[in-house]
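Asker: Got a structure for you, written out below as structure tokens; questions coming shortly.
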Amino acid sequence: METKIKNLQEDILQEFETKIRGELVFPDNQKYEETRKVYNGMIDKKPGLIVKCVDVADVISAVTFGRENNLLVSVRGGGHNAGGLGICDDGLVIDLSGIKFIRVDTSDNTVRVGGGNFWGEVDHATHPFGLAVPAGIISTTGVGGLTLGGGVGHLSRNFGLTIDNLLEADMVLADGSFVTVNNEKNTDLFWAIRGGGGNFGIVTSFKFQAHEVITVFGGPTLWPIEKTEEIMEWYDGFLHNAPDELNGFVATMVIPGPPFPPHLHNKKFCGIVWCYSGDVKKGPEVFEPVMAMNPLFEHVGEMPYPSVQTLFDGLLPPGMQWYWRADFFNDIPADAAALHKKFGSEIPTPLSQMHLYPISGAAGRVGKTETPWAYRDAKYAGVFVGIDPDPVNAEKITKWAKDYWNALHPYSSGGAYLNFIMNEGQERIKASYKDNYERLSQIKKKYDPANFFRVNQNIVPAE
């Protein structure tokens, strides 16, 4: 039986407080309501205590406290997780937001990043050195959650997923011990965290391989939603034969307002957001086939890499209502494209959308057992997302996302990118790891046999 924080004796809590350099936030603290919020406004969990850690010692003390008192524990990095897995009801939240540092080493183009950093902070630190780490499409995403789940983004076709660029990590394990994992130390654990999520410990720092990316050539192109079938058929044939440096994810979407021009507002589109990270002088030539498809609107050109990473930040601030469903897909057959047009024409709110992220190029050339991320042979990671600022519309956006997913699921590969799903049960998790699940389960048994880290897309310890 889990213990609730409120049932702990006062002297136990006071002793714990002496071991923490950061801050303890209890429900009666005036900061509590704001501190317990996560990115997804649909998540409304009320922890018994939030520990805002500022260093590794705080994390060790918090883990030890949680284990010794049999508390439910969640770990929060950036708080961006779709299902709100960085927070829990009644238990202990180990908040890493105070563990922030970034060090760029130009001798080997590596970057050391704290467990509480956001990707926008990493881009800010690496860009002056002409470097970038492959990661996501929104700069407010936390480094920890995105990395541990895989990391799909604008640079995936050129440099692989974020986990393919992870060189090392420092971790606090369930027993309170501190370890470094890489290709030479604790290699089984290093394998497991590259896609296995937060199941194996708390990562307090990451070391990434960065790449020479300063300016990219990219931006959005839009076609009327009625052209979805035509555009998806062309895109499916074009992108995977294009140079690895060219990435583009396709979407069904609504233009909600600025910064887009007024004549596009509140209309539905099939869109593609591009990022070419090769020689920008070749950008116009690379995009000739794209422009030959006569987009109704295009805003494609040279921009600093951090600019393409922040294109959507203003439209998607924290606190929105979000509902996610996801699948992997091997292709976009005509019947599926027709369904994309149907549901794209029925988008219920201006911010709700569907994305298909390509997994080809460098991301597709990693073996399916080299990391836990098993769907290297899938062409797309798809996500169906209902989004709206008003809780009144929560049911409407949830139904649309579920219906869209249900219609497309028969065309899927069976599993999903776990950073894109809500709480969908153990079988869904197993399907998403395929044959890698058993190996992950054995590693979980070795490092966390009591399943201390279980507020996540949980991998159950082997029996």
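Asker: Under the 0.36 nm per residue contour assumption, what length would be gained going from the current alpha-carbon distance of F101 and N70 to full extension? Show your work: numbers first, answer last.
Answerer: Numbers: separation 31, 0.36 × 31 = 11.16 nm, distance 3.13 nm.
Once the chain is fully extended between F101 and N70, it gains 8.0 nm.
Asker: Expressed as a whole number of Å, what is the distance separating the alpha-carbon centroids of the stretch 164-205 and the stretch 442-459?
Answerer: Spelled out, the Cα-based centre of one part sits 13 Å from the other.
Asker: Under the definition of Cα pairs under 8 Å and six or more residues apart, what whole-number percent is the relative contact order of the chain? The partial results should precede the final answer.
Answerer: Working: 1107 pairs, mean separation 75.1, N = 463.
Rounded, it is 16 percent for the chain.
Asker: What are the ³J(HN,Hα) values, in whole Hz, obtained from phi via the Karplus relation 6.51 cos²θ - 1.76 cosθ + 1.60 with θ = phi - 60°, for each residue of the stretch 31-39 in sequence order, with x given for Gly and Pro?
Answerer: 8, 4, 4, 6, 5, 7, 5, 10, 4
Asker: Related question: Name the lysines eligible as straight-distance cross-link partners of K207: C-alpha to C-alpha under 26 Å, and not fewer than 8 places from it in the same chain.
Answerer: K52, K100, K185, K368, K444, K445, K446
Asker: Another question about this same structure. Of all accessible surface on the stretch 1-159 at a 1.4 Å probe, what whole percent is carbon and sulfur?
Answerer: Details: 3090 of 6410 Å².
About 48 percent, which is the carbon plus sulfur part of the accessible surface.
Asker: Which length gain, in nm to one decimal place, applies between K46 and Q30 when the Cα-Cα distance is subtracted from 0.36 nm times their residue separation? Write down the numbers at each step before the final one.
Answerer: On the way: separation 16, 0.36 × 16 = 5.76 nm, distance 1.41 nm.
Going from the current span to full extension adds 4.4 nm.
Asker: Whose amide H sits under 5 Å from the amide H of F297, counting only residues 5 or more places off or on another chain, with H placed in the peptide plane?
Answerer: L222
Asker: Just to confirm, what accessible area per residue do you get for the chain at 1.4 Å probe, in whole Å²?
Answerer: Values: 18120 Å² over 463 residues.
Per residue, the chain has 39 Å² of solvent-accessible surface.
Asker: Extent of the stretch 181-231 along each principal axis, from alpha carbon coordinates, in Å, largest to smallest?
Answerer: 52, 28, 18
Asker: How large, in percent, is the carbon and sulfur part of the accessible surface of the stretch 351-463 at a probe radius of 1.4 Å? Provide the component values of the computation, followed by the final result.
Answerer: Details: 2360 of 4580 Å².
Percent of accessible area from carbon and sulfur atoms in the stretch 351-463: 52.
Asker: Still on this model: Write down the Kirkwood hydrodynamic radius of the stretch 243-342, to one decimal in angstroms, obtained as one divided by the mean of 1/r over all alpha carbon pairs.
Answerer: Working: mean 1/r = 0.0624 Å⁻¹.
After inverting the mean inverse Cα-Cα distance, the result is 16.0 Å.
Asker: Taking θ as phi - 60°, what are the ³J(HN,Hα) couplings along the stretch 41-55 by the Karplus curve (6.51, -1.76, 1.60), each to the nearest whole Hz, with x for Gly and Pro?
Answerer: Computed from phi, the couplings for the stretch 41-55 are x, 6, 8, 9, 9, 10, x, x, 7, 10, 9, 8, 6, 10, 7 Hz.
Asker: Here is a further query. Mean residue ellipticity at 222 nm from the helices of the chain, using -39,500 (n - 2.57) per DSSP H segment of n ≥ 4 over the full residue count, to the nearest 500 deg cm²/dmol?
Answerer: Numbers: 15 runs with 122 residues, N = 463.
Calculated mean residue ellipticity at 222 nm is -7000 deg cm²/dmol.
Asker: Under 15 Å from a label point 7 Å along Cα→Cβ of F129: give me every residue in the stretch 210-247 with its amide N that close.
Answerer: 210-214
Asker: Right, here's the next one. What number does the stretch 1-90 give for Rg over Rh if you use C-alpha atoms and the Kirkwood radius?
Answerer: 0.94
Asker: Quick one: work out Rg over Rh on the C-alpha atoms of the stretch 233-294, Rh as Kirkwood radius. Intermediate values should be presented prior to the final figure.
Answerer: Details: Rg = 13.4 Å, Rh = 13.1 Å.
With Rg and the Kirkwood Rh in hand, the quotient comes to 1.02.
Asker: May I pose another question? Excluding residues on the same chain fewer than 8 positions from K37, give the aspartates and glutamates whose Cα lies under 14 Å from its Cα.
Answerer: Hits, sequence-local ones excluded: D89, D95.
Asker: Ok, one more. Can you list the HN-Hα couplings for the stretch 193-202, worked out from phi with the Karplus curve (6.51, -1.76, 1.60; θ = phi - 60°), rounded to whole Hz and with x for Gly and Pro?
Answerer: 6, 8, x, x, x, x, 6, 10, x, 9
Asker: Within the stretch 32-67, which residues have the backbone N less than 20 Å from the label spot 7 Å out from E395 along Cα→beta-carbon, could you tell me?
Answerer: Flagged as within label range: 41-44.
Asker: While we're here: Output the peptides 66-74, 357-365, 277-285 sorted from most to least packed, where packing is the average of other Cβ atoms within 10 Å over each peptide's residues.
Answerer: Working: 66-74: 19.4, 357-365: 21.7, 277-285: 15.1.
Per-residue Cβ counts within 10 Å, averaged per peptide and sorted highest first, yield 357-365, 66-74, 277-285.
Asker: Can you tell me the FRET efficiency between D89 and K368 if r is taken as the Cβ-Cβ distance and R0 is 45 Å, rounded to the nearest 0.05? Show your work: numbers first, answer last.
Answerer: Values: r = 36 Å, r/R0 = 0.80.
E between D89 and K368, to the nearest 0.05, is 0.80.
Asker: Compute the FRET efficiency between E230 and E10 as 1/(1 + (r/R0)^6), taking r as their Cβ-Cβ distance and R0 = 56 Å, and round to the nearest 0.05. Provide the component values of the computation, followed by the final result.
Answerer: Values: r = 68 Å, r/R0 = 1.21.
Efficiency computed from Cβ-Cβ geometry: 0.25.
The values are calculated or read from the model by the stated rules, or taken from the named source; none is laboratory data. No experiment lies behind these values; they were computed from the predicted model shown. Positions of Cβ are backbone-derived with ideal geometry, glycine not excepted, and every protein chain shown enters the neighbour counts. Please note that ligands, DNA and RNA were not included when accessible areas were found on the heavy atoms of the full protein model with its side chains. Shrake-Rupley method; radii C 1.70, N 1.55, O 1.52, S 1.80 Å.
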